[in-house]
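A short reminder: the numbers here are calculations on the coordinates, not readings from a lab. Everything numeric in this text was worked out from a predicted model, so none of it was measured. Heads up, the Cβs are rebuilt from the backbone with ideal geometry, glycines too, and the neighbour counts pull from every protein chain shown.
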Amino acid sequence: MFRNKREFKAEFHRRLVEAYGCEMEQTSPAEKYLTLGTMVRDYASNYWKDTKNETASQDLKQVYYFSMEFLLGRMLTSNLKNLGIYDIVTEGLQELGISYQEIADQENDPGLGNGGLGRLAACFMDSAASENYVVNGNCIRYRAGLFRQFINKYGEQVEMPDMWMRIGNPWEIRKLKHAVDVKFYGQIEVSYDENGDMHFRHRHASHVLAVPYDMPMIGAHTKTVNTLRLWSAEPADVAPRDRDYRQYLSDVEAICLNVYPDDSTEEGKYLRLKQEYFFVCAGVHSIVETHLKNHPSLDNLGEKVAIQLNDTHPVLVIPELMRVLMDEYGYAWDKAWQIVKETVSYTNHTVMAEALEKWPMQYIENLLPRIAMIISEIDRRYCAWAWQQCPDDPDLVSRTRPLRDGTLHMAALALIGSHAVNGVAGIHTEILKNDLFRDQVRLYPHLIQNKTNGVTPRRWLMYCNPELRKLLDDTIGTAWEKDYHHFEDLLKHVDDPSVQEAFLDVKQVRKEKLAAYVRDLTGEIIDPSSMIDTQAKRLHAYKRQLLNIMQVIYLYQRMKRDPSFRIAPHTYLFAAKAASSYTFAKSVIKLINCVAAKINNDPDTRDVLKVVFLPNYCVTMAETLVPGSDVSEQISTAGKEASGTGNMKFMMNGAITLGTLDGANVEIDSLVGRDNDVIFGHTVEELNTLQYHYNAYDYYQQDGRIHDVLDTLINGFWNGSADEFRMIYDELITRNDTYFVLADFDAYVKAQEEIARRYASRNTWARSCLVNIARSGYFSSDRTIEEYAHDIWDLQKLHF
Ligand SMILES: *Cc1c(COP(=O)(O)O)cnc(C)c1O
């Protein structure tokens, strides 16, 4: 492998010619990207091999992180920088007359997720490897990502296929030798042997071959390289006899075709259940195989393996591992159950009833007959046990058992089969303990714990914002790059006017970069000296993009009415994908775009008020959007956002949080104090009381601002059609405003005024941004991973 620039250039040149059979100058940027990616992967392969060998020879425990999503973002720059060969490579390319940026821009974001949940998994992979923990990912190799989002001339979201692997994926390696046979449908034949023990045979099943593709997860400045294993469904060598052969091929193909388009409402689809069992079954099988290579039996599985369930999507791990232990390795129920509980733990990501995963038992009986039997037995044994624990409350059993009225409650199953359950921010965990899982806390008092989310400071600061990284290095040295505690070294400098000025300069550079990006993407010109206020996240009613755009409409109306009222220049940026079936969310996107079209073209206001919707929000966009923003909009209805991680990325890049007391905003607020963020709106406790007497119509009647804003939704003001936004109006008025938008409107307007006032004092503003950066070390996912390793996984570091 190349050791210096000269060797890199020679090898790159040689590989390009050998791979494509033409002169280097004749190869396309995509071919150069693939060649460079392959070289980087091969460079990491020795470390990858060493990591596997050392894990085995040190007999180290390892973690398997099961997640339906890994929203990785581009890998090239991150891998080069983590390996410490970025300078060699970029300089070498330059000497060959090749633009690194052009090559890097060839890479599509891997389409392996929706939003925050998948991005968390990706940050964990980076942190675990960087901290020398052996944490492997297990997921599906989706051929199409969520969707690419366009905005049409009416301002509507249009979805296009995201064929992210079209040009190829240089990071993955197909491992046919580790393929697994997965069985669906069929019947279970029960027999008894001479000892009276039961045996189960799966007859007439439809077989699918799960083929793994491994991607290296490369740690920063270490030799640890972990594995993200992506499973791809392929037709088995025998097709089911009773089904049409071509139907079988297309059924198999469907399993890995597409990411499910929503991580917060359950779509109740068979295919989704198939996807879930598919990657669970394959993943469990490969864990067992690996374990038995180094250990005589599965007795000590829980000592050497931890399985983390990222939300309930992989919860079938629990009955599947039971099945393998009992049916394939002859364990009795109690011993198998003990092993499962030692091994498995579960992370909850939502408390919203409609987002809690449920399946009709009928589906499971049909698709996974043996799994259904095991789930029924888990349920039966749980009921008998729980009834004995709390004889005073016979209803408790029926409230907490996994099977209720023919429906499987996935969270209830996850709870019973795990030795640890965690929430993802302090307030969220409290809601789990006091509300959602209140009953279970009586039965398992120490089960639930908190692990506040984090983000990797490498991708989300060092690599995406090199200007800020340099400022920090120049001010406090480089200790913070390796140890998140040292972010706080910056606190000593927040009052230094020269550091404040330097920060404002960095921010200005990043805002200009963002303005250029916005222009290239949308054609809109934004003023890089205006205050840039950004809300970027999935479009969902509870995240309240609607509240944001209503405030913009209010400002516009007030300026139109009163020529003496003018605000300092503001740019409001939105970026959000709506699930393709989520009509309300799509309507909000259209509203934002219609408001933007009108306001941006009004000569009265356009110098001070600008609204831009950036299509196709993704990790790569966030890497430019976050560093270029002044204000971070985190305005979900209190109690609804489990944690949020967008809030942490903005904070780390010196944006001020404008937010509610929800999710990790609560912890941001405790860390920076009210002088350094702007908090508004009803608290969870206040909403718990308000919900019983809330009347949204009163707000509409009594607040002229709300009245005027809402009337534009039903009088054709934005695009001439009076019914266009009636759905939004009806949600607020007829359906009584589920997410308390109107209840928080006044407070939000005042919060916007407060943040504008603060922005006007440039040096105190800069000081606040610096305090935010200094306190953001807590939100490094290095910290989160340390906590999981210590409190849940009992995991030791790998030593080279
Ligand atoms: C961080 C991130 C998210 C999560 O944002 P929240 O504000 O926490 O919902 C979603 N999508 C992408 C592309 C991200 O980078």
Check: C-alpha center the range 435-498 vs C-alpha center the range 690-713, spacing in Å is 39 Å
Under the rule rounded for a/c under 1.5, else prolate if a/b exceeds b/c, else oblate, using alpha carbon gyration tensor axes a ≥ b ≥ c, the range 600-742 is classed as oblate
Hull volume per residue for the range 432-483, using the convex hull of the C-alpha atoms, in Å³ is 119 Å³
When the charge dipole of the range 133-243 is computed with +1 at the Cβ of Lys and Arg and -1 at the Cβ of Asp and Glu, the Cα pointing farthest to the positive end, of GLY137, ALA205, ILE167, is that of ILE167
Longest the chain segment clear of GluC sites (Glu not before Pro) sitting in DSSP loops (not H, G, I, E or B) with at most 13 other Cβ atoms within 10 Å runs 268-800
Under the 7 Å Cα-to-Cβ spin-label approximation, GLU354 and ILE714 lie apart by a distance in nanometres of 2.1 nm
As straight-line cross-link partners of LYS9, the qualifying lysines (C-alpha separation under 16 Å, not fewer than 8 residues apart within one chain) are LYS32
For the range 36-192, the dipole about the Cα centre with charges only on Cβ (Lys and Arg +1, Asp and Glu -1), to the nearest 20 debye, works out at 480 debye
Excluding residues fewer than 8 positions from LYS61 in its own chain, the lysines with Cα under 26 Å of it are LYS49, LYS52, LYS175, LYS177, LYS223, LYS293, LYS304, LYS335, LYS341, LYS451, LYS482, LYS797
Among the range 715-756, those whose backbone N falls under 15 Å of a label point 7 Å along Cα→Cβ from LEU690 are 732-733, 736-751
Once normalised by the length of the chain, the mean sequence separation of its alpha carbon contacts under 8 Å that are 6 or more apart gives a contact order in percent of 13 percent
Once the in-chain neighbours fewer than 8 apart are removed, the lysines whose Cα is under 22 Å from LYS513 read LYS81, LYS470, LYS537, LYS610, LYS649
Per-residue ellipticity at 222 nm attributable to helices in the chain (runs of n ≥ 4 DSSP H, -39500 (n - 2.57) apiece, nearest 500 deg cm²/dmol) works out to -13500 deg cm²/dmol
Under 5 Å from the placed amide H of ILE140, counting only residues 5+ away or on other chains, we find TRP231
Charge dipole of the chain built from unit charges on the beta carbon (Lys, Arg +1; Asp, Glu -1), centred at mean Cα; most positive-end Cα among SER67, LEU176, TYR33 is TYR33
If each part is reduced to its alpha-carbon centroid, the range 548-616 and the range 311-376 end up apart, in Å, by 47 Å
Using alpha carbon centers only, the range 3-70 is separated from the range 182-227 by a whole-angstrom value of 29 Å
Expressed in angstrom and ordered largest first, the alpha-carbon extents of the range 268-412 along the principal axes are 45, 37, 28
So for R0 = 41 Å, FRET eff. of GLU488-HIS295 from the Cβ-Cβ r, to 0.05, ends up at 0.45
Taking only Cα atoms of the range 424-546, the Rg to Rh ratio with Kirkwood Rh works out at 1.11
Which residues qualify? For ALA306, with a placed amide H closer than 5 Å and at least 5 residues away or on another chain, they are GLN62, VAL63, TYR64
Quick calc: nm separation of the 7 Å Cα→Cβ label points for ALA56 and HIS799 -> 2.1 nm
Within the range 553-578, the residues whose backbone N lies under 20 Å from a label point placed 7 Å from the Cα of HIS707 along the Cα-to-Cβ direction are 553-562
Taking the chain, the whole-percent share of alpha-carbon pairs separated by over 45 angstrom is 26 percent
Taking only the alpha carbons of the range 209-350, the radius of gyration and the largest Cα-Cα distance, Dmax, both in angstrom, are 17.1, 55
Given backbone amide H placed at 1.01 Å from N, residues whose amide H is under 5 Å from that of VAL455, ignoring those fewer than 5 places away on the same chain, are SER780, SER781
Residue span ARG201 to SER761: 0.36 nm per residue of separation minus Cα-Cα distance leaves a gain in nm of 194.2 nm
Percent antiparallel among DSSP beta bridges confined to the chain, rounded to 5, stands at 45 percent
Toy charge model, Lys and Arg Cβ at +1, Asp and Glu Cβ at -1: the range 747-800 dipole around Cα centroid in debye, rounded to 20, equals 540 debye
For the range 139-240, the dipole about the Cα centre with charges only on Cβ (Lys and Arg +1, Asp and Glu -1), to the nearest 20 debye, works out at 580 debye
Where a ≥ b ≥ c are root eigenvalues of the Cα gyration tensor, a/c under 1.5 meaning rounded, otherwise prolate if a/b exceeds b/c and oblate otherwise, the range 145-292 counts as oblate
Sorting THR227, THR350, PRO445 by the position of each Cα along the dipole of the chain (Lys, Arg +1; Asp, Glu -1; all at Cβ), the one nearest the positive end of that ordering is THR227
Note: TRP385 to ILE567 extended length (0.36 nm per residue) minus current alpha-carbon separation gives 59.1 nm
